[in-house]
Amino acid sequence: MFPRLSAVNLKTWFRKIMEQVFLSKVLLWLPQIYFAVILLFVAWRYFVKSGFPRYGVLVRGVIWFRLGYAVLLTIGQYYIWSKEVFLRLLLNTPLSESLPIPLVQKFPEIFNSKIGYFLFYSWGHFWLNFILTIGIAWLFYRFLLVLQRWNSRFFDEGEVKLGFVCALVAGWPGVLVFIALTFAIVILLAMARAIVLHEGYTTLGVPLLLAAAIALWMSSDILSFFNLRLYV
């Protein structure tokens, strides 16, 4: 005999299906789609030189999205663990400061609380990514500013800010791939221009855009190919 279906059972079944689709598909692809759109706006801003959208607006858009995404993942993780009896135990597991974990030892009042393990898990899986992305993108931006002051012929107008947006889009650990690809593409384009056009210099705009697009969609594969995925 098949179990009797009721409106309550159908509603529960539908809710579980939607939760699985949302958590496994929507949350997975949402950043990729959003950042792809941002890159299209960046490319439009760079090639058309219309002044719209402003680079500052794009920077804030990426940062606010990454912040909101970290919050969304944290809430989603809490919700998933709260729905399973076994996983619910993880929401009531403090971490002792005697553990050989520097972060836990430094902030015992936080991680020794009821949700200590959940906070530690969320920090490592969601929030550290956000912090590293902002930090490395900012350092790359400052590096471009120094490089521009040293030799401005490598830059067209706005390319330093362009680099900042692209680094934010690449995210962690993709920003590492992005930075390496940027300078690799610069060298290749400079060689091609020297051979074809007999010009020895190229600006950073196109390499930045190409590197950001590749890093956005292929950084994980590239890191895995070089056996670096475990280290980042």
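The values are calculated or read from the model by the stated rules, or taken from the named source; none is laboratory data. Just so it is clear, the model here is predicted, and its values are computed rather than measured. Heads up, the Cβs are rebuilt from the backbone with ideal geometry, glycines too, and the neighbour counts pull from every protein chain shown.
Out of all the residues in the range 56-75, is one or more in contact with a Pro (Cβ under 7 Å, 6 or more places away or on another chain) and at negative phi? Yes: the range 56-75 contains one or more residues that are in contact with a Pro (Cβ under 7 Å, 6 or more places away or on another chain) and at negative phi.
The residue list LEU99, LEU73, LEU58, LEU95 contains one member that is more than 26 Å from the chain's Cα centre (by Cα), at pLDDT 85 or above and not acidic (Asp, Glu), which is LEU95. Residues in the range 114-150 that are β-branched (Val, Ile, Thr) and touching a residue at least 12 places away in the same chain (Cβ under 8 Å): ILE115, THR133, ILE134, ILE136. Exactly one residue out of PHE86, PHE52, PHE111 is loosely packed, with under 15 Cβ neighbours inside 10 Å, free of Cβ contacts under 8 Å to residues at least 24 places away in the same chain and closer than 26 Å to LEU27 by Cβ, and it is PHE86. Number of residues in the range 157-184 that are small (Gly, Ala, Ser), under 16 Å from LEU145 (Cα atoms) and touching a Ser or Thr at 6+ places or on another chain (Cβ under 9 Å): the value is 2. Here the condition is being over 30 Å from PHE164 (Cα atoms) and among the aliphatic types (A, V, I, L, M); of LEU73, LEU103, LEU67, LEU95, it holds for LEU95 alone.
Of all residues in the range 89-103, those satisfying the criterion of being surrounded by 11 or more Cβ atoms within 10 Å (Cβ to Cβ) and in a loop (DSSP other than H, G, I, E, B) are THR93, PRO94, LEU95, SER96, GLU97, LEU99, ILE101.
Take the conditions within 16 Å of the chain's Cα centre (by Cα) and touching a residue at least 40 places away in the same chain (Cβ under 8 Å) and apply them to ILE80. Does it pass? No, not satisfied. ILE33 falls short on exactly one of the conditions (1) modelled with pLDDT under 90; (2) surrounded by fewer than 11 Cβ atoms within 10 Å (Cβ to Cβ), and that condition is (1). Only one of the listed residues (LEU23, LEU28, LEU39) is at pLDDT 75 or above and within 15 Å of GLY76 (Cβ to Cβ). That residue is LEU28. Taking the range 142-232 and the helices (runs of 4 or more DSSP H) fully enclosed by it, the elements with 2 or more residues that are surrounded by fewer than 13 Cβ atoms within 10 Å (Cβ to Cβ) are at 174-196, 205-225.
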